[in-house]
Amino acid sequence: MKDIITLGIESSCDETAVSVVKNGREVLSNVINTQIPIHTLYGGVVPEIASRNHIQNISAVTKEAIKQANIKFDDIDVVAVTYGPGLVGALLVGLSYAKALSYALQKPLVGVNHIEGHIAANYITYKELEPEFLCMMMSGGNTQIVQVKDYTQFELLGKTRDDAIGEAFDKVARVIELGYPGGPKVDKLAQEGKPTIELPKTHFDNLDFSFSGIKTAVINLHHKNPDINKADLCKSFEKSVTEVLIENIKKAIDITNIKTVVLAGGVSANSYIRNEFLQLQNKGINVYMPEMALCTDNAAMIACAGYYNYINGKISDLSLNAIPDLKL
Ligand code: KG4
């Protein structure tokens, strides 16, 4: 069978990323231009600045991805692109570029849901992984438990009712003055701390989450006691949120009887969360998590998800639009 070369494009937030992937799972190149140093000046992503930087970078990043993959533009079989969820201006840059490329090359355009992309990152790390499984999806914009029934078939089992878990990490980091992006900084500092501080955990009867209560509790504690041990606070925060994640995933396993759990999204790079989920293996659960470089935004995961959309006949056309609040 002929190889299928997919070019993936990702520009939903503050990373301009382009990747070339062969047959869905073999990464030939994975180029990421991050804007983190630019947005750090403002303490968070500034949408207008993100869009402008995507425009400046998209062409060079694409050419670099083609070069590193050692292919020519004509070798591309499919152009896959994130069309949501994300910042609308940022999404539109990648989407417009992908449409132009698809039209110029006369190759199919495939729209990819960014969340599906995060899930697909695991197919690159684990060549043997196939659906069906449960996915604990944890990013800056989403926190969900997803039943992945097939490569393009998903059922949402639970979701956050307020803040995404990544948002809570970033907010905690900002309040205790660790800077942006907060998640990795909280992770690092927590490694020096002890979980000595009691923090509230929110439980629901179903598989939903809520992280606004614990976020506010951390903020209040720090305001009342600015000399509080920050490492202990970070560790206590991580421990409390992780307990809720594990509790809900255990409920999901009981409800569905699916014994494979896959992590996805930027927060799955967290060392404490990774370790705690690995403990589930002692209970007979298979646990998978993307390699670190594929946890946060990248285009290899978009090319991978795009490939599975393509072989399942999910092909878009040039009327494809950006959908900032796209759901699974
Ligand atoms: O998946 P992602 O790159 O972007 C979205 O699609 O949202 O996730 C970004 C989020 C940010 O909130 C960032 O702080 C968090 O992932 N993050 C982490 C870690 N690395 C990234 N959170 C906790 N621990 C980490 N090591």
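The values are calculated or read from the model by the stated rules, or taken from the named source; none is laboratory data. Computed from a predicted structure; not experimentally measured. Counting neighbours? That spans all protein chains shown, and the Cβs are built from the backbone with ideal geometry, glycine included. Keep in mind that these areas ignore ligands, DNA and RNA; they rest on the heavy atoms of the full protein, side chains included. Shrake-Rupley method; radii C 1.70, N 1.55, O 1.52, S 1.80 Å.
Which ones in the stretch 240-258 are without any contact (Cβ under 8 Å) to a residue 40 or more places away in the chain and over 22 Å from the mean Cα position of the chain (by Cα)? Even if it seems obvious, please write down each step before you answer.
To start, the set of residues in the stretch 240-258 that are without any contact (Cβ under 8 Å) to a residue 40 or more places away in the chain comprises 242, 246, 250, 254, 257.
Once the filter is applied, which keeps residues that are without any contact (Cβ under 8 Å) to a residue 40 or more places away in the chain and over 22 Å from the mean Cα position of the chain (by Cα), the stretch 240-258 yields ASP254, ASN257.
Scan ASN321, ASN270, ASN248, ASN286 and give me the residue that is away from the ligand (no atom under 16 Å from the Cβ) and either buried (at least 23 other Cβ atoms within 10 Å of the Cβ) or within 18 Å of GLU10 (Cβ to Cβ) (or both). Steps first, please.
Values: ASN270 fails: away from the ligand (no atom under 16 Å from the Cβ); ASN248 fails: either buried (at least 23 other Cβ atoms within 10 Å of the Cβ) or within 18 Å of GLU10 (Cβ to Cβ) (or both); ASN286 fails: either buried (at least 23 other Cβ atoms within 10 Å of the Cβ) or within 18 Å of GLU10 (Cβ to Cβ) (or both).
ASN321 is the lone residue from the list that is away from the ligand (no atom under 16 Å from the Cβ) and either buried (at least 23 other Cβ atoms within 10 Å of the Cβ) or within 18 Å of GLU10 (Cβ to Cβ) (or both).
Any residue at all in the stretch 123-138 that is without any contact (Cβ under 8 Å) to a residue 12 or more places away in the chain and either within 28 Å of THR260 (Cα to Cα) or of a type in the set (Phe, Trp, Tyr) (or both)? Let's see the steps before the verdict.
We begin by selecting, within the stretch 123-138, every residue without any contact (Cβ under 8 Å) to a residue 12 or more places away in the chain; these are 128, 130.
Within this subset, residues satisfying the condition of being either within 28 Å of THR260 (Cα to Cα) or of a type in the set (Phe, Trp, Tyr) (or both) are 128, 130.
The answer is yes, given that some residue of the stretch 123-138 is without any contact (Cβ under 8 Å) to a residue 12 or more places away in the chain and either within 28 Å of THR260 (Cα to Cα) or of a type in the set (Phe, Trp, Tyr) (or both).
Of all strands (runs of 3 or more DSSP E) completely enclosed by the stretch 48-167, which ones contain at least 1 residues that are open to solvent by 20 Å² or more (accessible area, probe 1.4 Å)?
78-84, 143-150, 153-159
How many residues are within 18 Å of the chain's Cα centre (by Cα) and more than 16 Å from the ligand (Cβ to nearest atom) when one looks only at the stretch 32-60?
0
Go through (1) over 29 Å from GLN106 (Cβ atoms); (2) open to solvent by less than 60 Å² (accessible area, probe 1.4 Å) and name the single condition GLY313 misses.
The single condition GLY313 does not satisfy is (1).
Looking at LYS188, LYS201, LYS215, which is the one that is open to solvent by 20 Å² or more (accessible area, probe 1.4 Å) and modelled with pLDDT of 95 or more? Spell out how you get there, then give the answer.
Values: LYS201 fails: modelled with pLDDT of 95 or more; LYS215 fails: modelled with pLDDT of 95 or more.
One residue alone meets the criteria, LYS188.
If you take the residues of the stretch 182-221 that are farther than 24 Å from ARG161 by Cα and among the hydrophobic types (A, V, I, L, M, F, W, C), which of them is farthest from the ligand (Cβ to nearest atom)?
In this case the residue turns out to be ILE197.
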